[in-house]
Amino acid sequence: MQMIYNSPNYCVVEFAAEGEARLTAGGYEIVDKNLQREWYIDGILAMQFREHVQKLIEQEPSLEEVDEFLGRFDSLMLHPVILH
């Protein structure tokens, strides 16, 4: 588990896969701090998310542009963030 993005609005944590699945598996937890909701993706969705993020990084985006990209997923964040 590694936090790969953290802004006042969003946090993204990457969960690496273990063993032989390292190149094709893993997942991401995307948290909207304002809505206090999160979404976990893995499999094909995680691979597509990774590709989009890599393209975004190539453009050297500002924090606002990254937050705007992550805001596209707000409607999918249905799970409340619960602290233990």
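The values are calculated or read from the model by the stated rules, or taken from the named source; none is laboratory data. A quick note: this is a predicted structure, and the numbers were derived from the prediction, not measured. With ideal geometry, Cβ positions are generated from the backbone for all residues, glycine too; neighbour counts draw on all protein chains shown.
The figures follow:
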quantity	calculated
Residue list for the range 14-34, filter: modelled with pLDDT of 85 or more and over 17 Å from Leu56 (Cβ atoms)	Phe15, Gly27, Glu29, Val31, Asp32, Lys33, Asn34
Residue in the range 46-63 that is among the polar types (S, T, N, Q) and modelled with pLDDT under 90 present	no
Top-ranked residue in the range 29-63 [being in contact with a strand residue (DSSP E or B) (Cβ under 7 Å, 6 or more places away or on another chain) and among the acidic types (Asp, Glu); ranked as surrounded by the fewest Cβ atoms within 10 Å (Cβ to Cβ)]	Asp42
Top-ranked residue in the range 51-84 [being part of a helix (DSSP H, G or I) and of a type in the set (Val, Ile, Thr); ranked as farthest from Val13 (Cα to Cα)]	Ile57
